[in-house]
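Note sheet for the following structure.
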Amino acid sequence: MKKAIALLLALVLCVGLCFGLSSCEEEKGGTLAEFTVVDSPINDNVWDMYLWENKIFFGTGDGNANTGPITVYAYDLDTKEFFESGVLKEEVINSFFVIDNTLVAPGIDSTENNNISNYNTYENGEWIQHRILTNTEHCFDVVSYEGRLFYGVDADISYSPCFSTDESDKDLIRHYFYKDGKRVTKGIESARVFDLVMLKGKLYAIMSRDASSTLALEVYQYNEENSTFEYVSDLGSQARVASYINFKIIGSKVVVNDRIFIATPQGYYTDNMIDFKSIDFGGEYVLDYCLDDNTLYALCHYPLKSGQYGTSIWALDLAKDSVDFERLVYFESEYCCVSLVKSDSTFYMGTADINYRNDKKGIVLCVEVTEE
């Protein structure tokens, strides 16, 4: 595991140092914005933020350091105060999402014994750990499909990187992956399903199975009749991939209007999980997507020669058939913003020290956008 993560960090450093961008604001458009810093108790990288019941939940931690447990902080937008929503026995929380009206956080387990991994649900004001995924260490993603919960995991002793259970956490089934009639995960312990995607009523798994690199990605479609996943496309040959987020290759994904938008941190979209088309963000890297009503927002940045970052928020009007994002606001600061949520007219951004360039992490910024 540590060899793969070391490669991830090396690629992150390469991307950050070798592709510093100069910006031409006149060409990119957008409004120069002022930001404020929200007083926060968080002292760790904020890999993900999620707005749920008018509270922002923060995913933090360090999967490389194999530490834990971690405190899941939340920010109440009514009281404007932070509180501890609970403590999870995980290395890192990379993502939140809602399944059946319940907030869910998959678990990157800190026990390091390859025995069992978890997913976590937030119910009645407390986190509940579901420790059910046997003979595996990490759970990366969870979706609900056809009355079952599917889990993207690292391959267990039977070389299965995807499990499912019924929605009461029982009847655990391992699903195997096939390409050209041959089982591709047999004997490859490094196989991992980092992302599960539902698009146009079909379930897909995005898997890495390269023993020397976690950045070679393939897409597989679920075959209900055989309870297996079948090869669809080679995502790695189409998308430029260099993870900025701890234990996340696809930093962010949003399915809307029969398309999925992904950040790698290059921007791509597809409507069939076969052909992935790039999105023009003016040379900036996209770190996160945020869906609000009928607009999809993209959080982008570009490292500056000064050591600071240029940060932009781009907007896509989903009422139009276009996939052309327009730059809404931008600012320059010492903070590297990697996660985004929007509440009313305010954007909140979580920060991380992704390239070990400074210790500016755990900071929460906000930008107010006034409608003209």
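The values are calculated or read from the model by the stated rules, or taken from the named source; none is laboratory data. All values derive from a computational prediction rather than experimental measurement. Cβ sites come from the backbone with ideal geometry, for glycine too, and all protein chains shown count toward neighbours.
Residues checked against (1) in contact with an Asp or Glu (Cβ under 9 Å, 6 or more places away or on another chain); (2) over 11 Å from Gly59 (Cα atoms):
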site: Thr79; (1), (2): no, yes
site: Phe83; (1), (2): yes, yes
site: Val87; (1), (2): no, yes
site: Glu91; (1), (2): yes, no
site: Ser95; (1), (2): yes, no
site: Asn101; (1), (2): no, yes
site: Pro106; (1), (2): yes, no
Flag if Ile132 is in a strand (DSSP E or B), over 19 Å from Asn45 (Cα atoms), of a type outside the set (Ser, Thr, Tyr) and without any contact (Cβ under 8 Å) to a residue 24 or more places away in the chain: no
What about Asp195, is it closer than 22 Å to Gln221 by Cβ, within 20 Å of the chain's Cα centre (by Cα) and in contact (Cβ under 8 Å) with a residue 40 or more places away in the chain? yes
Among the residues of the range 245-288, count how many are within 15 Å of Cys337 (Cα to Cα), over 10 Å from the mean Cα position of the chain (by Cα) and in a loop (DSSP other than H, G, I, E, B). 1
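For (1) within 30 Å of Val38 (Cα to Cα); (2) at pLDDT below 95; (3) in contact with a Leu (Cβ under 7 Å, 6 or more places away or on another chain); (4) among the β-branched types (Val, Ile, Thr), each residue gets a yes or a no:
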| position | (1), (2), (3), (4) |
| --- | --- |
| Glu84 | yes, no, no, no |
| Leu103 | yes, no, no, no |
| Ser117 | no, yes, yes, no |
| Leu133 | no, yes, no, no |
| Asp141 | yes, no, yes, no |
| Ala155 | no, yes, no, no |
| Ser160 | no, yes, no, no |
| Asp166 | no, yes, no, no |
| Lys182 | no, yes, no, no |
Given (1) part of a loop (DSSP other than H, G, I, E, B); (2) among the basic types (Lys, Arg); (3) closer than 24 Å to Phe96 by Cα, Lys186 misses just (3)
Right, Lys2: closer than 17 Å to Asp109 by Cα and at pLDDT below 85 or not? yes
